[in-house]
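> I'd like to ask you about the structure that follows.
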Amino acid sequence: MRRPPEKRLIGLRPLYQCGLAGVLLFLAVTIVRSFLRPPAPPPFKPTPPVRTLAVQITEGQPMTIDATELARAGEERSDNALGMRLCWCPPGRFFMGGGPKGPSGRYLGGEPFPVGIGRGFWIGKFEVTQEEWQEVMGKTLPQQRAMDPRQPRPLGDNSRRDHAGMGQDYPIYFTSYREAEEFCHRLTELERDAGRLEPGWVYRVPTEAEWEFACRAGTTTATAFGNELGSAQANFDGTVPFNNAPAGPFLRLTKPVGSYPANAWGIHDMHGNVWEWCRKVDRPGLARSPIAAVKKSTPEQTVRGGCWYEPGHQCLSTTGLSIQVNGRGSGLGFRVALVSTELWREADDSRRHCGRPSESEKGTFVNITAAWANWDGICGRVPSSNKSESNAVLPVLCK
């Protein structure tokens with residue numbers, strides 16, 4: 001029997017292979033194009049406006065410093081047991097306070113008034129560090145922190161009471177005013193015992209006038225760097241710069257001393273990092289601080305310079321706060337001054353005032369003509385023969 005002819009099947013495998021190759025080629029081209037195509041731009045987000053305080057810039061009165069004395073400004077010494085670097089500040093006259101005016105039309109630094117620095121002095125090039133503090137006081141930063149009545153708090157809670165920078169070269173903080181003065185007293189005794197301290201010279205916390213004079217370093221602007229303050233110049237809340245300076249980061253911690261530029265006299269961190277304790281000069285317009293509120297009978301001193309968590313307008317050459325002497329916090333530190341007490345003995349011999357000046361008065365003087373109206377009421381009338389002394393100086397505080 002004859003078999004029917006076999007049907008020849010056309011092979012489909014080559015067609016399948018060609019089709020698969022085409023699909024793979026298409027996918028490959030698509031993938032390559034996806035890599036080569038620029039990514040889609042992110043959705044537009046408007047830049048938030050820079051937060052800043054509306055201020056009116058006012059130019060201060062020029063400082064008066066003898067040219068010979070000015071040549072020494074910024075001269076350094078580092079001969080104490082801690083190797084502290086100190087910068088020389090020459091004697092001179094300037095208008096303390098004032099600065100920019102805020103939205104209310106008032107000076108942020110209070111009404112300006114003339115002040116004279118009767119004798120040159122040394123001031124710390126840097127804020128007192130944690131290493132220096134431990135060497136003199138025998139306490140570490142955690143031990144200082146534990147003395148804050150608001151502690152302990154959980155670390156990393158981003159509050160103003162948190163740990164805010166720890167290391168040998170970081171500034172000490174959580175210090176009270178009394179502790180800062182005790183540090184200076186111990187350092188004075190240490191240097192006297194070693195024969196390294198000139199007769200009549202002592203370490204102490206600077207007065208407000210000395211601090212501001214050193215901070216300005218001959219300038220009359222809002223800061224030692226001009227009429228703006230941004231994160232490139234100081235450690236503060238950079239999201240709130242001063243007077244149209246570029247906005248920057250809020251680091252939420254202190255930085256090692258000397259991390260930011262020095263002023264014209266070589267002094268670092270006068271703006272920001274930590275508030276610095278000063279001996280108070282009685283004057284109107286100084287804000288009270290809510291920090292470490294205690295009994296109202298507790299005496300107060302002043303802090304100057306702002307700190308790491310403050311906005312830019314709190315870190316100017318003229319601004320400060322009045323705080324109880326036992327106040328503590330992650331923004332409270334200090335720097336030392338090395339001053340002569342001889343000028344006060346000269347003043348005692350030449351004019352009458354209401355008793356021996358206190359430690360907080362030494363080194364701060366004001367022109368007698370400008371101060372006369374207030375002086376009579378505070379101290380009792382000075383003999384009229386002294387009124388003709390156009391260059392005479394008197395202490396700002398006499399209580």
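> Ranked from highest to lowest mean number of other Cβ atoms within 10 Å per residue, what is the order of the peptides 184-197, 214-227?
Details: 184-197: 15.2, 214-227: 21.1.
So the peptides 184-197, 214-227, ranked by packing, come out 214-227, 184-197.
> To the nearest 0.05, what FRET efficiency results for A232 and Q143 with a Förster distance of 35 Å applied to their C-beta separation? The partial results should precede the final answer.
Working: r = 34 Å, r/R0 = 0.97.
Using R0 = 35 Å, I get an efficiency of 0.55.
> Next up: Distance from a point 7 Å along Cα→Cβ of A81 to each backbone N in the stretch 187-211: keep the residues under 19 Å and list them by number.
Inside the label zone: 187-205.
> When the Karplus curve 6.51 cos²θ - 1.76 cosθ + 1.60 is applied with θ = phi - 60°, which whole-Hz ³J(HN,Hα) does each residue of the stretch 194-211 get, with x for Gly and Pro?
The phi angles translate into 8, x, 9, 10, 5, x, x, 10, 9, 8, 7, 5, x, 6, 4, 5, 4, 4 Hz.
> Would you work out which of H185, P299, L253 lies farthest towards the positive end of the dipole of the stretch 61-340? Charges go on Cβ: Lys and Arg +1, Asp and Glu -1.
With unit charges placed on the Cβ atoms, the residue in question is P299.
> I need the calculated FRET efficiency for the pair Q134 and Q56, taking r as the beta carbon distance and R₀ as 45 Å, to the nearest 0.05.
0.50
> Count the net charge of all other residues whose Cβ sits under 14 Å from the Cβ of R77, scoring Lys and Arg as +1 and Asp and Glu as -1.
-1
> Calculate, in nm to one decimal, what E189 and N244 gain on full extension: separation in residues at 0.36 nm each, minus their alpha carbon distance. Don't skip to the end; give the middle numbers.
Working: separation 55, 0.36 × 55 = 19.80 nm, distance 4.68 nm.
Taking 0.36 nm per residue and subtracting the Cα distance, the gain is 15.1 nm.
Rule-based calculations on the coordinates, nothing more; no lab input. None of the values given here were measured: they were computed from a predicted structure. All Cβ positions, even for glycine, are placed from backbone atoms using ideal geometry, and neighbour counts span all protein chains on display.
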